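Student: First, the structure itself, so that you have it in front of you.
The values are calculated or read from the model by the stated rules, or taken from the named source; none is laboratory data. Predicted, not measured: the structure shown is a model, and the values here were computed from it. Reconstructed Cβ throughout: ideal geometry from the backbone, glycine too, with neighbour counts over all protein chains shown. Calculation scope for accessible area: heavy atoms of the full protein, side chains included, ligands and nucleic acids excluded. Shrake-Rupley method; radii C 1.70, N 1.55, O 1.52, S 1.80 Å.
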Amino acid sequence: MKATKGKATKQITGNDSEKLKELFVDGLKDIYWAEKHLAKALTKMSKNATSDELKAAFEQHTTETEEHATRLEQVFEMLGEKAQAKKCAAMEGLIEEANEIITSTDKGTMVRDCGLIMAAQKVEHYEIASYGTLRNIARTLGHNDAAEMLQQTLDQEGETDHKLTELAEAYVNEEASVE
């Protein structure tokens, strides 16, 4: 593909678009698995958080994560595909990292909350990257309704990341520093 000033000049052919659609569907399966498993992990993170505000943030994001999975099911339907999950090694590793933070920090401390925020923001950044890329591919393939749905989820992931930063900066990090 020849590029001029950062723009592709080659038109997508039927074969190219089938390959891109396969990649797109594979990415959807990956993030669908991630969302399904993240909902369970967020419940555990909420139970292990110290501050009420962080517990509430995790509980709210658990509800949103379930909505994200439902939204993905709708995207699969729009594409005429069966909603199917494919193991997401990245999310599996991020969830394991969150579990390690829980086991390596003391219960009832802000140090634990600081670690949980760190783990949760790593998850959010993975999701932001995934949804942003999937939205762009959907647009390229002409699936504008799917792109809009993916954008809704991307916006929520960004809001969650922002909320976690606010909690860390408002008091969690400071209190953790004096424990």
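Student: Quick check for you: with a 1.4 Å probe and neighbouring chains kept, what is the accessible area per residue of the chain, in Å²? The partial results should precede the final answer.
Tutor: Details: 9740 Å² over 179 residues.
Roughly 54 Å² per residue, with all protein chains present.
Student: What ranking do 114-124, 72-82 get when scored by the average of other Cβ atoms within 10 Å per residue, highest first?
Tutor: 114-124, 72-82
Student: Could you tally the net charge around His125, taking each other residue with its Cβ under 11 Å from the Cβ of His125, Lys/Arg +1 and Asp/Glu -1? Walk me through the numbers before you get to the answer.
Tutor: Values: positive: Lys122; negative: Glu124, Glu127, Glu157, Asp161.
Computed value for this residue: -3.
Student: So for the range 118-179, taking the charge dipole from beta-carbon charges (+1 Lys/Arg, -1 Asp/Glu), which of Leu154, Gly132, Gly142 sits furthest toward the positive end?
Tutor: Result: Gly142.
Student: Another one. Please label the shape of the range 30-105 as rounded, prolate or oblate, based on the square roots a ≥ b ≥ c of the eigenvalues of the alpha-carbon gyration tensor (a/c under 1.5 means rounded; beyond that, a/b larger than b/c means prolate, else oblate).
Tutor: Oblate shape, in that a/c is at least 1.5 and b/c is the bigger or equal ratio.
Student: Modelling each spin label as a point 7 Å along the Cα-to-Cβ direction, I'd like the Asp52/Ser17 distance in nm, to one decimal.
Tutor: The modelled label-to-label distance comes out at 5.5 nm.
Student: Of all accessible surface on the chain at a 1.4 Å probe, what whole percent is carbon and sulfur?
Tutor: Reported share for carbon and sulfur atoms: 50 percent.
Student: Now, a different point. Answer with one residue from Asn173, Gly115, Leu79: the one whose Cα lies farthest towards the positive end of the charge dipole of the chain, charges on Cβ with Lys, Arg +1 and Asp, Glu -1.
Tutor: Result: Leu79, furthest along the dipole toward the positive end.
Student: How would you classify the chain from its alpha-carbon gyration tensor, with a ≥ b ≥ c the square roots of the eigenvalues: rounded for a/c under 1.5, else prolate if a/b is greater than b/c, otherwise oblate?
Tutor: Working: a/c = 2.63, a/b = 2.11, b/c = 1.25.
It is prolate, given that a/c is not under 1.5 and a/b is the larger ratio.
Student: Exceeding 22 Å between C-alpha atoms, which entries from my cross-link table qualify? They are Lys47/Lys82; Lys47/Lys163; Lys40/Lys107; Lys44/Lys122; Lys47/Lys86; Lys29/Lys55.
Tutor: Over 22 Å Cα-Cα: Lys47/Lys82; Lys47/Lys86; Lys29/Lys55.
Student: At 0.36 nm per residue, and after removing the present C-alpha to C-alpha distance, how many nm does the segment from Gln151 to Glu100 gain when stretched out fully?
Tutor: 15.2 nm
Student: Next up: So, with +1 on the Cβ of K and R and -1 on the Cβ of D and E, and no other charges, what is the size of the charge dipole of the chain about its Cα centre, to the nearest 20 debye?
Tutor: Working: 22 positive and 34 negative charges, 210 e Å.
Rounded to the nearest 20 debye, it is 1000 debye.
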